[in-house]
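The values are calculated or read from the model by the stated rules, or taken from the named source; none is laboratory data. Everything numeric in this text was worked out from a predicted model, so none of it was measured. Note that each Cβ is placed from the backbone with ideal geometry, even for glycine, and that neighbours are counted across all protein chains shown. With ligands, DNA and RNA removed, areas are computed over all heavy atoms of the protein, side chains included. Shrake-Rupley method; radii C 1.70, N 1.55, O 1.52, S 1.80 Å.
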Amino acid sequence: MKILVTGGLGFIGSHTVVELQQEGFEVVIIDDCSNASENVLDGITAITGKRPQFEKLNLRVKEDVLDFFKRYPEVGGVIHFAASKAVGESVEKPLLYYENNLNSLIYLLQCLSKKDNSAFIFSSSCTVYGQADEMPITEDAPVKPAESPYGNTKQIGEEIIVDTCKVMPQVKAIALRYFNPIGAHPSAEIGELPIGVPQNLVPFITQTAAGLRDQLAVFGDDYPTPDGTCIRDYIHVVDLAKAHVVALQRILQEESEGNYEVFNIGTGKGSSVLEVIESFERVSGNSLNYKITGRRPGDVIQAYADTSKANSVLGWKAKSTLDDAMKSAWQWERKIRKQPY
Ligand code: UFG
């Protein structure tokens with residue numbers, strides 16, 4: 001079975017391509033390389049021994065998407081990662097985010113609905129819950145108004161899929177709501193490659209330790225949490241990648257309930273910003289230069305998943321610890337900075 005992975009050169013996409021190939025799937029990647037490098041193909045090949053097919057194209061161009069599906073009639077499933085994802089940039093450029101993230105989704109679904117049967121896995125986010133009232137967060141928690149146009153594209157994206165699935169039983173979809181993906185492949189052949197100054201905590205930590213940044217700013221220690229810093233559910237990207245494979249297999253083996261399902265993908269364990277720093281210091285042996293600064297607008301106090309639905313229905317569970325993930329992130333950072341580890 002051939003699977004199309006859009007955004008397959010990106011952070012989560014590339015790790016998912018590895019897991020798919022290791023499970024015996026054929027993979028074709030679409031990526032426009034706006035936020036990723038073609039060199040990632042070498043990393044994937046080094047791990048799996050197999051180079052996936054690659055098409056450099058822009059999913060916003062409808063003719064190109066239609067043409068792709070004509071050229072690859074054998075594609076039986078799509079895992080859709082390609083999207084713009086910088087929360088701050090989405091506030092500055094809302095129309096770009098709606099254009100990029102929603103048009104591509106619509107064109108893909110239009111193509112899939114012409115097939116007799118197709119599987120579709122959508123990258124959603126815990127951002128749809130906003131500040132949930134209860135922890136851990138179940139899939140039944142209400143979806144709150146989005147804090148950013150980026151978050152809104154995830155909410156609207158889910159709605160577009162729900163409406164499509166209602167009238168097109170041939171499209172079978174699963175939305176995975178990710179918590180905070182971190183880490184890198186244990187081989188250090190692929191990992192996260194943020195362009196410019198990292199917006200997320202873990203790449204900022206590793207870049208600071210590698211000497212690219214002077215100091216990490218910890219955004220606030222006056223939150224109502226045990227140590228005052230925000231709490232998130234940090235999941236190793238390899239565990240997250242494996243969740244996509246089992247979700248896809250569920251659809252292909254016709255085990256889905258109805259033709260649209262949603263799952264939280266996290267570890268179920270919350271960690272504070274200071275705990276993440278401690279974990280990094282423990283596994284790297286480095287002391288991190290950080291200081292407490294003011295809160296970052298839009299940050300929720302805490303978000304961690306109830307993963308019981310994914311555990312029981314998908315038979316999937318995150319295996320790696322926070323220390324495992326921090327260690328792999330550090331190995332990757334050292335490798336790309338050409339420092340021995
Ligand atoms: N943080 C710092 N300093 C930094 C960066 C982050 O203290 O330099 C803190 C944040 O305040 C937060 C925690 O580290 O408490 C995690 O922040 P990230 O930016 O790594 O992750 P977020 O939880 O903010 O972001 C995640 C996803 C986004 C999604 C967002 C929705 O990565 O895709 O949740 O809230 F949009």
For peptides 248-259, 282-293, sequence by mean Cβ density within 10 Å, most packed first | 248-259, 282-293
If you count the DSSP beta bridges with both ends in segment 186-340, what percent of them are antiparallel, to the nearest 5?
-> 25 percent
What percentage of the solvent-accessible surface of the chain, computed with a 1.4 Å probe over protein heavy atoms, is contributed by carbon and sulfur atoms?
-> 49 percent
Could you pull out every residue, at least 5 positions away or on a different chain, whose amide H is within less than 5 Å of the one on Val28? Hs are placed 1.01 Å off N in the peptide plane, and Pro or chain starts have none.
-> Ile3, Leu4, Val5
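Decide, for segment 224-341, between rounded, prolate and oblate: order the square roots of the alpha carbon gyration tensor eigenvalues as a ≥ b ≥ c, take rounded if a/c falls under 1.5, and otherwise choose prolate if a/b is larger than b/c, else oblate.
oblate
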Taking only protein heavy atoms and a 1.4 Å probe, what accessible area per residue, in Å², does the chain have with all protein chains in place?
-> 43 Å²
Anisotropy class of segment 54-146 from Cα gyration tensor, a/c 1.5 cut | oblate
